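Engineer: Okay, here's the structure, questions in a sec.
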Amino acid sequence: MAVPVDWRDQGTGQTTVALQKLPATRPTGRTLLVNLGGPGPSIGTDDGRLDQLRQWFDVVLFDPRGFGRSAGITCPPLPDAFGVLISDDSATWREFRSANRGWYQNGCVRRSGGLAAHVDAWQVAHDMEAIRRALGVLRLDYFGNSYGTVYGQSYADLFPVRVGRMFLDSLADHTEPWLARSARPQAVAAEQYFDRFARWCQTMPDCALHGQDVASVWQTLLATAARRPLPAGSGRSVAPERLRAITLLEVTFPQLWPALASALQNAQRGDAGGLYQPPRGGPSGVSTLARCADFPLPGGQTGLLATEQVLRHDAPRLGWLAARRDRAPCAGLPATNPPRPIRTVGQPPILVVNGTRDSGTVPAHGQSFVAQLPGSRWLGADTGHAVYLGGNQCVRRYANHYLRTGLLPPPDTICPATTPNQ
């Protein structure tokens, strides 16, 4: 469907938003709009994970503007943000901001006809309202996963009386403007993941550091690197800042724990090469545009350093770097839709779920959002990210029942990691 490039100035041209309908297996005439997060494409990515919902709903997936089968944006490769993750040097930050601005203006905007400047959640929420009208429904029923929760929050803020039943899974809070308050639970979660990594090494014989005190090993390496950077081969070395950053980037992903343990062991033996390069992969250019428009770096480097001083109190080892990990790549990019408190003016009850072992979209974010909307409900689950799509049957039962009937789970419900017949 065609929508304005800029909903604030509808004379600036049009772009397209792609939709995919997955028909109900037992048609009831009801429709559920779904976004699977990213931000990125949703069409063609459900892999049968929405089949339960198709018993009652025509499921309509949409690719947000700029992604997938919607009219796309072509950007050159992103500037490397790792330098500002490991350095407080003002010259390094100035160079990165300048590179980011050039990447945005000379790469993305010129190649996309201006669409790159209008991919934030405010614009997407207006696209969702256009989809509601096109579907011919009075109120929009919606399931947003991960970054899809940001779109849901914006829609609930902008079109509260048009909200039907809204289920937000792994909510990323877009209602807290103060970075230190938003980042604190993520910083604490990173510290907790470090402790889980250490316990895993104690219990798993195939951990390279099995039988050792992992926290002590790491602290010793950090102190050694402070005296003299650890040799990493080919003339490279690992200073404390790099050791801390690499550990943060890897420790919140259990699948990376074996490699991290091996890298730390090798560093003990004189070769820190496994701690030099950050993990491969990362967000695309379009994803970075969208994320940074919605979750910018407030106050620049100065504001970030002040935030980190606050976070060090609760996350002194490495968690205090979480705000830098998430926001530093946004230096120099436009902030068109920064977080703000939601306006509570008539939204019906919303159901929010977070995994209690999720280090990115943390439970505190979902709880904070729900606290602003009287009657809404937070549901916890003893698992990680993307709870419904991950197959947690307890959460699926509650979410399916809510979307069908509007009835919420009992207060203070926590779903187990596994349930019978899962």
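The values are calculated or read from the model by the stated rules, or taken from the named source; none is laboratory data. Keep in mind the model is a prediction, meaning the values are calculated, not measured. Counting neighbours? That spans all protein chains shown, and the Cβs are built from the backbone with ideal geometry, glycine included. Surface accessibility is based on the protein's heavy atoms, side chains included, excluding ligands, DNA and RNA. Shrake-Rupley method; radii C 1.70, N 1.55, O 1.52, S 1.80 Å.
Engineer: In the range 9-47, which residue that is of a type in the set (Lys, Arg) and touching a Phe, Trp or Tyr at 6+ places or on another chain (Cβ under 9 Å) is nearest to Gly68 (Cα to Cα)?
Structural biologist: Arg30
Engineer: Just checking, does the range 154-171 include any residue being in contact with a Pro (Cβ under 8 Å, 6 or more places away or on another chain) and closer than 30 Å to Trp257 by Cα?
Structural biologist: no
Engineer: Report, by residue number, each residue of the range 345-378 that is touching a helix residue (DSSP H, G or I) at 6+ places or on another chain (Cβ under 6 Å) and either open to solvent by 50 Å² or more (accessible area, probe 1.4 Å) or of a type outside the set (Ser, Thr, Tyr) (or both).
Structural biologist: Across the range 345-378, the qualifying residues are Val345, Gly346, Gln347, Leu351, Val352, Val353, Asn354, Thr356, Val362, Ala364, Trp378.
Engineer: Within the set of pairs 6 or more residues apart or between chains, which connect a residue that is more than 15 Å from Gly148 (Cβ to Cβ) and charged (D, E, K, R) inside the range 110-138 to a residue that is open to solvent by less than 20 Å² (accessible area, probe 1.4 Å) and in a helix (DSSP H, G or I) with Cβ atoms less than 8 Å apart?
Structural biologist: Between residues of the range 110-138 that are more than 15 Å from Gly148 (Cβ to Cβ) and charged (D, E, K, R) and residues that are open to solvent by less than 20 Å² (accessible area, probe 1.4 Å) and in a helix (DSSP H, G or I), the close pairs are Glu129/Tyr155.
Engineer: If you check Ala293 against the conditions, is it more than 22 Å from the chain's Cα centre (by Cα), in a helix (DSSP H, G or I) and within 27 Å of Pro77 (Cβ to Cβ)?
Structural biologist: no
Engineer: Also: In the range 401-422, which residues are surrounded by fewer than 18 Cβ atoms within 10 Å (Cβ to Cβ) and in contact (Cβ under 8 Å) with a residue 60 or more places away in the chain?
Structural biologist: Arg404, Gly406, listed by residue number.
Engineer: Thr45 - would you say it is open to solvent by 60 Å² or more (accessible area, probe 1.4 Å) and either among the polar types (S, T, N, Q) or part of a strand (DSSP E or B) (or both)?
Structural biologist: For Thr45, the condition - open to solvent by 60 Å² or more (accessible area, probe 1.4 Å) and either among the polar types (S, T, N, Q) or part of a strand (DSSP E or B) (or both) - is not met.
Matching residues to (1) out of contact with any Cys (no Cβ under 7 Å at 6 or more places or on another chain); (2) under 30 Å from Pro363 (Cβ atoms):
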position: Ala190; (1), (2): yes, yes
position: Tyr193; (1), (2): yes, yes
position: His210; (1), (2): no, no
position: Val214; (1), (2): no, yes
position: Leu221; (1), (2): yes, no
position: Ala239; (1), (2): yes, no
position: Arg242; (1), (2): yes, no
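Engineer: Still on this structure: Mind checking whether some residue in the range 69-88 is over 22 Å from the mean Cα position of the chain (by Cα) and either over 30 Å from Asn35 (Cβ atoms) or open to solvent by less than 20 Å² (accessible area, probe 1.4 Å) (or both)?
Structural biologist: Among the residues of the range 69-88, at least one is over 22 Å from the mean Cα position of the chain (by Cα) and either over 30 Å from Asn35 (Cβ atoms) or open to solvent by less than 20 Å² (accessible area, probe 1.4 Å) (or both), which makes the answer yes.
Engineer: Only one residue in Leu36, Leu32 is surrounded by 18 or more Cβ atoms within 10 Å (Cβ to Cβ), over 22 Å from Pro4 (Cβ atoms), in contact (Cβ under 8 Å) with a residue 40 or more places away in the chain and more than 18 Å from the chain's Cα centre (by Cα). Which one?
Structural biologist: The conditions single out Leu32.
Engineer: Just for the range 2-29: of the residues that are within 18 Å of Asp120 (Cα to Cα) and in a loop (DSSP other than H, G, I, E, B), which one is nearest to the chain's Cα centre (by Cα)?
Structural biologist: My answer is Val17.
Engineer: Something else about it: (1) touching a strand residue (DSSP E or B) at 6+ places or on another chain (Cβ under 6 Å); (2) more than 21 Å from Pro298 (Cα to Cα): which one isn't true of His126, the others all being true?
Structural biologist: Among (1) touching a strand residue (DSSP E or B) at 6+ places or on another chain (Cβ under 6 Å); (2) more than 21 Å from Pro298 (Cα to Cα), the lone unmet condition for His126 is (1).
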